[in-house]
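In what follows, a single structure is set out as structure tokens and then discussed.
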């Protein structure tokens, strides 16, 4: 009778190769976007201050279509723009017949949430805070399950309107709106 050892080795090699075929290293844009100014998206909430105009100073949520509804001037596009760009847009629109020289300030009041899925204690939606890493997000989501692959994780991120997924270390920083997926380990 032949030894089943070669068959077991071939099966093991096939399983390992299948696991490697889904490997997606993080694209260069994943790390480049970390050094760029933050771009707003649906779900973010911004505080707009128009100095000496109490009625215009408020907190505004960016809707699913990427706009904020601003008094007097109507919808203002916000998705993909920085806070400074929105300041300029609002000031320019207010100058057209509403205020002589508006002084506008925009800051992020609340970032859009992150999502943690896969082999974690409590998968779900969590608030983003600046400085959040994948490891901290996993800890917030109840930590790794016993079956979790703890070496690296998959992150899905919207970069300039293009959704990308890449494999990163748990020490890598996250951005608002990221989805973290902790894979199951093979053995």
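So which residues in segment 41-63 are at pLDDT below 95 and closer than 18 Å to residue 128 by Cα?
41, 42, 43
I'd like the full set of residues that are outside any loop (DSSP other than H, G, I, E, B), farther than 14 Å from residue 89 by Cβ and touching a residue at least 60 places away in the same chain (Cβ under 8 Å), limited to segment 39-73.
Listed by number, the residues that qualify are 45, 47.
For residue 111, work out the one condition from (1) modelled with pLDDT of 95 or more; (2) over 30 Å from residue 52 (Cβ atoms); (3) surrounded by 14 or more Cβ atoms within 10 Å (Cβ to Cβ) it doesn't fulfil.
For residue 111, the failing item is (2).
Where residues in segment 128-148 are free of Cβ contacts under 8 Å to residues at least 24 places away in the same chain and farther than 12 Å from residue 174 by Cβ, which of them is surrounded by the fewest Cβ atoms within 10 Å (Cβ to Cβ)?
Of everything passing the filter in segment 128-148, 146 is surrounded by the fewest Cβ atoms within 10 Å (Cβ to Cβ).
For segment 22-38, which positions are in a loop (DSSP other than H, G, I, E, B), under 23 Å from residue 125 (Cβ atoms) and modelled with pLDDT under 90?
26
Out of segment 149-187, which residues are in a loop (DSSP other than H, G, I, E, B), surrounded by 13 or more Cβ atoms within 10 Å (Cβ to Cβ) and at pLDDT 90 or above?
Across segment 149-187, the qualifying residues are 149, 150, 170, 172, 174, 175, 176, 177, 178, 183.
Spot the failing condition for residue 127; the list is (1) touching a helix residue (DSSP H, G or I) at 6+ places or on another chain (Cβ under 6 Å); (2) at pLDDT 95 or above, and only one is missed.
(1)
Can you pull out the residues in segment 75-95 that are without any contact (Cβ under 8 Å) to a residue 12 or more places away in the chain and farther than 23 Å from residue 161 by Cβ?
92, 95
The values are calculated or read from the model by the stated rules, or taken from the named source; none is laboratory data. A quick note: this is a predicted structure, and the numbers were derived from the prediction, not measured. Every residue, glycine as well, gets a Cβ built from its backbone with ideal geometry; the counts of neighbours run over all protein chains shown.
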